[in-house]
Amino acid sequence: MRAILEAESRAIAGIPVTDEYERAVGLIVEHVHRRGGKLITSGMGKAGQIAMNIATTFSSTGTPAVSLHPAEAQHGDLGVMQPDDVMLLISNSGKTSEIVELVNLARGLFPQVPLIVISGQPDSPLARMADVALFTGGAPEVCPLGLTPTTSTTMMTVIGDVLVVNVMERIGFSRQEYAKRHHGGYLGQLAGGKN
């Protein structure tokens with residue numbers, strides 16, 4: 001157990017820190033908070049679960065976001081997209097066919113919508129399509145087979161947290177605003193919301 005924890009801790013510490021984070025935060029603030037758009041996240045499989053978590057965390061901290069399943073997007077759900085939105089796409093390989101197709105569909109609808117990509121592969125189709133690319137560092141999975149998304153999904157989650165926290169700071173998101181979005185449960189009590 002300790003070896004797994006240490007491997008994942010090293011992987012987190014090895015996430016490349018670049019100016020791309022500032023650019024990603026700037027795109028989210030510009031498109032969501034200045035232009036009135038929203039953040040659309042997407043991924044396939046386990047990356048899709050991370051995308052959903054990132055969207056709900058952004059929404060609960062004052063940045064409207066939705067998670068879009070890439071397969072459902074091909075059957076009408078792409079209609080949720082509006083011209084001032086920004087997309088955050090997650091793919092460890094950077095070549096997930098459903099996500100590449102989602103980019104093509106999105107650009108066919110609104111070519112100007114910017115793309116932020118989280119990936120483990122800097123030289124990948126999605127990284128080349130992105131306006132901003134954030135890389136996990138490509139640490140090996142802790143899975144004994146080296147296949148199951150484990151370390152990679154941890155990195156994706158951490159990168160999502162970095163974006164959320166930096167956007168919160170940029171927009172001055174307050175405890176009072178947090179309370180308006182959390183009326184129930186323990187977090188609602190802590191924030192001053194009603195239960």
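The values are calculated or read from the model by the stated rules, or taken from the named source; none is laboratory data. The structure displayed is predicted, hence computed values, not measured ones. Here Cβ is always computed from backbone atoms with ideal geometry, including for glycine, and neighbour counts include all displayed protein chains. Each accessible area value is taken on the protein alone, full model and side chains, heavy atoms only, with ligands, DNA and RNA left out. Shrake-Rupley method; radii C 1.70, N 1.55, O 1.52, S 1.80 Å.
Of (1) 0.98; (2) 1.30; (3) 0.93, which is the value of Rg/Rh (Cα atoms, Kirkwood Rh) derived from the coordinates here?
Correct label, based on the coordinates given: (1).
How many angstrom separate the Cα center of the stretch 117-155 from the Cα center of the stretch 39-99?
Rounded to whole Å, the Cα centres lie 16 Å apart.
Looking only at SER119, SER91, SER174, which one moves most when the chain is put into a Gaussian network model with springs between Cα atoms under 10 Å?
Checking each option, the largest mean-square fluctuation is seen for SER174.
Name the long-range amide H neighbours of VAL117: under 5 Å, sequence gap of 5 or more, or other chain; modelled H, no Pro or chain starts.
It is LEU89, VAL132, ALA133, LEU134, by chain and number.
Relative contact order for the stretch 99-188 using alpha-carbon pairs under 8 Å, separation at least 6, rounded to a whole percent?
17
Is any residue of the stretch 79-94 close enough, with backbone N under 15 Å, to a label point placed 7 angstrom from the Cα of ARG34 along the Cα-Cβ axis, and if so, which?
84-86
Which length gain, in nm to one decimal place, applies between GLU22 and VAL162 when the Cα-Cα distance is subtracted from 0.36 nm times their residue separation?
The span from GLU22 to VAL162 would gain 49.4 nm if fully extended.
Anyone know which of SER67, SER59, SER152 comes out most mobile in the 10 Å Cα GNM of the chain?
Looking only at SER67, SER59, SER152, the largest GNM fluctuation is found for SER59.
If I compute solvent accessible area with a 1.4 Å probe over the protein chains, what percent of it on the chain is carbon and sulfur?
55
Among residues other than THR148 whose Cβ falls under 15 Å from its Cβ, what is the net charge (Lys/Arg +1, Asp/Glu -1)?
That sum, taken over residues with Cβ under 15 Å, equals -1.
On a full-extension model of 0.36 nm per residue, what is the gain between THR148 and SER97, subtracting their alpha-carbon distance, rounded to one decimal in nm?
Value of the extension gain: 16.5 nm.
Provide the per residue accessible area, probe 1.4 Å, for the chain, rounded to a whole number of square angstrom.
That works out to 50 Å² for each residue.
For the chain, what are the DSSP H helices with axial Cα length of 27 Å or more and mean Kyte-Doolittle hydropathy of at least 0.5?
Going by DSSP H runs, the hits are 151-171.
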